[in-house]
1. Roughly how many whole Å is it from the C-alpha centroid of the stretch 50-109 to that of the stretch 5-34?
2. Using only Cα atoms, find the angle between the long axis of helix 90-107 and the longest principal axis of the chain, and express it within 0 to 90 degrees, rounded to the nearest 10.
3. If you stretched the chain out fully between residue 104 and residue 7, how much longer would it get, using 0.36 nm times the residue separation minus the C-alpha to C-alpha distance?
4. Read through the labelled values [x] 16.5, 57; [y] 20.7, 78; [z] 15.2, 51 and report the label of the one computed as Rg and Dmax of the Cα atoms in Å from the structure.
5. Over the chain, calculate the relative contact order: mean separation of alpha carbon pairs under 8 Å at least 6 apart, over the residue count, as a percent.
6. Helix 50-62 against the longest principal axis of the chain: what's the angle in degrees, Cα atoms only, rounded to the nearest 10?
């Protein structure tokens, strides 16, 4: 759940504040394909430590981008999915993917 706070006046700065971390963008990329467990996210977001992944997921949950569902099982099962707000970032992530593919095609040696 998000809490009210003062945000920058510039909308681009707001977006950057929420997703500027490398890991957050990669988490968004992977969650756009559907719900994932923590271990699945850790494998898909290559080279991220457990501590950094946990920290980023908590921030994204606080910011209202990610939903965390804990199932009362032993051991507990935790799944992450995008909220409606997180899902609304799809066009931005898709544009980044398109731009990155274009750049790679034009500049790869």
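1. 9
2. Between helix and principal axis, roughly 40 degrees.
3. Full extension from residue 104 to residue 7 adds 31.5 nm.
4. Only one listed value fits the structure, namely [z].
5. After rounding, I find 28 percent.
6. Orientation of helix 50-62: about 90 degrees from the principal axis.
Each value in this text was obtained by applying a stated rule to the coordinates, not by laboratory testing. Remember, it's a predicted structure, so these values are computed and weren't measured experimentally.
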